[in-house]
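Here's the structure, in structure tokens; my notes come after.
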Amino acid sequence: MTDQNHPPGRPPRPWVSTRRRYSAMSLVTRKTSCVDCAKAESYDETEGCRQSRPEGRAHLARRCSGRSRPSPAFILHAHESKEQQLPLPILNGLRILDLTHFLAGPAVTRLIADLGAEIIKVESIQHFDGSRPMNTPPGPGSHELSAAYNFFNANKQGITLDLKNARGVALALELASVCDAVIENFPTGTIDRLGLDAATLRRANPSIVIISMAGYGQVGPWSQYPSFATTLAMLGGAYGMTGRPGSQPTTPNVGGVDPMNGVLGANALMMALMRRRRTGHGVHIDYAQLEATTSLLGEAVADSSVNRRVAQRRGNHHPVAAPHGIYPCREEESWISIAVFDDAQFRSLCDVMDRPDLAADPRFDSPASRRDNIPELDESIAEWTREQEQYDVVSQLQTRGIASGVVHSSKSIWHDPHLQSLGMIEEVERPISGKKGNMRPELGLSGERSPTRPAPTLGQHNKWAFGELLAHSTDEIEALERDQVIGTDPLTTRV
């Protein structure tokens with residue numbers, strides 16, 4: 001959109017440049033339900049964010065209070081802390097109804113699945129998970145080839161269920177009655193309109209735990225707005241400080257805040273299950289992803305509040321360490337990181353580089369002076385690393401106590417010898433996509449890791465869920481398939 005009210009002869013200005021930031025965001029999100037929009041917050045602005053502290057904000061149906069104490073040996077099945085041999089998988093017997101989609105919600109249930117919980121992931125043939133079309137080639141079966149879907153939905157059972165159909169909703173309630181928890185990340189109000197609101201779920205299962213993961217939460221002035229990872233990271237301030245000095249805010253080419261929301265969302269689910277174990281009552285947790293995203297900036301927000309310093313974009317540099325950056329190596333597209341925190345480490349770096357002149361240069365004789373002259377120092381280091389082989393130079397530096405590491409690509413990381421020694425690299429075979437590389441579960445006890453099961457194909461476990469688990473007859477299941485309440489073949493490529 002452009003500004004139509006501008007002097008003749010001048011190129012039209014972008015429409016957003018004619019609006020205040022909150023005004024533009026509000027207009028876009030009010031006028032369309034499918035466009036997510038956010039302003040890039042700086043650290044000091046997040047403290048005054050209109051959605052940050054809505055009146056009456058409640059995380060739990062009844063708020064829990066707690067005191068810090070040593071963690072128990074096992075969070076669910078131990079009445080008191082004591083040494084014990086924990087079996088793998090440790091969440092065996094826990095069953096979760098997973099109504100999440102895209103990345104943040106599935107990241108929660110992937111972590112829980114890795115620990116042995118039974119996750120029943122719900123999609124539909126009318127509207128499958130939004131991560132399925134991500135970066136996939138066109139053609140039949142492409143909805144099964146998404147790397148994002150396959151990673152975040154491993155170790156789960158997959159079913160289809162049309163939640164806009166009354167029979168589909170009834171079946172979802174049947175599933176909820178035999179599950180410990182339901183988790184969803186629909187926009188606020190969606191789950192209510194489907195007929196799966198908290199009160200209805202509690203009638204089906206009075207002790208059910210419900211986790212709602214809307215981007216802005218269930219209450220507050222922005223609660224009805226759509227959201228996406230990028231908008232949440234911008235509003236939370238994370239991307240406002242990402243980028244080079246003088247540049248615009250930059251979005252990293254990774255999952256961003258979604259994996260972090262997965263970890264904190266899994267914590268919220270475990271907290272709710274612990275509470276239920278103590279009280280016998282279920283709970284509805286309003287998990288606002290924006291709050292979790294903003295929590296990343298605790299240190300910076302505190303610095304802004306206490307010291308009145310607003311952190312600036314600084315590229316690869318560091319407020320204390322110098323040098324601190326990414327440097328090129330001999331091979332094409334090969335890089336290493338180097339971080340030096342004190343004078344002894346800097347002298348060791350100069351020894352490895354065979355550059356005693358740098359160690360003696362007054363411009364580099366202290367951390368502060370090195371930070372003041374970082375462009376010249378970075379160029380000297382880069383001139384040296386360009387002649388080095390990536391792993392060799394990292395080994396030389398680490399041997400001398402200098403923090404350094406290889407900068408991996410998504411391809412080279414599979415060949416990293418240390419990750420291979422940790423057992424993180426494995427191959428998983430799956431229908432349609434075949435045998436592919438995979439990262440094993442991050443969590444293991446005493447060196448043990450449970451093997452990874454591939455992500456389910458669309459509707460793969462329908463017969464198990466509706467036949468074995470809910471005891472519906474073959475005729476009933478076939479009728480559901482004929483009426484497209486369930487199925488295995490998508491009716492659309494939209495999400």
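Coordinate-derived values only; no laboratory data. The structure displayed is predicted, hence computed values, not measured ones. All Cβ positions, even for glycine, are placed from backbone atoms using ideal geometry, and neighbour counts span all protein chains on display.
Things to note:
- Separation of the residue 484 and residue 432 label points, Cα + 7 Å toward Cβ, nm: 1.8 nm
- Entries in 411/436; 156/463; 156/411; 164/436 that, when Cα-Cα distance is taken, lie over 24 Å: 156/411; 164/436
- Placed amide H near residue 158: partners under 5 Å, 5+ positions off or other chain: 121, 460, 461
- Only Lys, Arg, Asp and Glu carry charge here, each on its Cβ (+1 for the first two, -1 for the last two); on that basis region 334-408 has a dipole of about 220 debye about its Cα centre.
- Distant-in-sequence amide H partners of residue 211 (H built 1.01 Å from N, under 5 Å): 182, 183, 184, 285
- Sum of side-chain charges, residue 178 neighbourhood, beta-carbon under 15 Å (Lys, Arg +1; Asp, Glu -1): -2
- Relative contact order, whole percent, for region 171-330 stands at 26, derived from Cα pairs under 8 Å and 6 or more residues apart.
- Over region 334-408, Cα pairs under 8 Å with separation of 6+ residues give a relative contact order of 51 percent.
- Most tightly packed first, judged by the mean number of other beta-carbon atoms within 10 Å of their residues, the peptides 194-203, 111-120, 222-231 read 111-120, 222-231, 194-203.
- Under 5 Å from the amide H of residue 124 lie the amide H atoms of 129, 161, each residue being 5 or more positions distant or on a separate chain, with H modelled from the backbone and absent for Pro and chain starts.
- Order by protection proxy (mean Cβ within 10 Å, highest first), peptides 456-463, 417-424: 456-463, 417-424
- Segment residue 473-residue 411, extension gain: residue separation times 0.36 nm, minus the distance between their alpha carbons: 17.6 nm
- What you get for region 312-359, charging only the Cβ of Lys and Arg (+1) and of Asp and Glu (-1), is a dipole of about 260 debye around the Cα centre.
- In order through region 300-312: 3J(HN,Hα) via Karplus (6.51 cos²θ - 1.76 cosθ + 1.60), integer Hz, x for Gly, Pro: 5, 5, 5, 5, 5, 6, 7, 9, 6, 10, 9, 4, 10
- For region 455-469 and region 199-227, distance of Cα centres in Å: 26 Å
- Rounded to the nearest whole Hz, the Karplus-based 3J(HN,Hα) values (6.51 cos²θ - 1.76 cosθ + 1.60, θ = phi - 60°) of region 142-155 follow the sequence 5, 5, 9, 9, 5, 5, 4, 4, 5, 6, 6, 10, 5, 6, with x at glycine and proline.
- Taking every alpha-carbon pair under 8 Å whose residues sit at least 6 apart, region 226-290 reaches a relative contact order of 31 percent.
- Sum of side-chain charges, residue 105 neighbourhood, beta-carbon under 11 Å (Lys, Arg +1; Asp, Glu -1): -2
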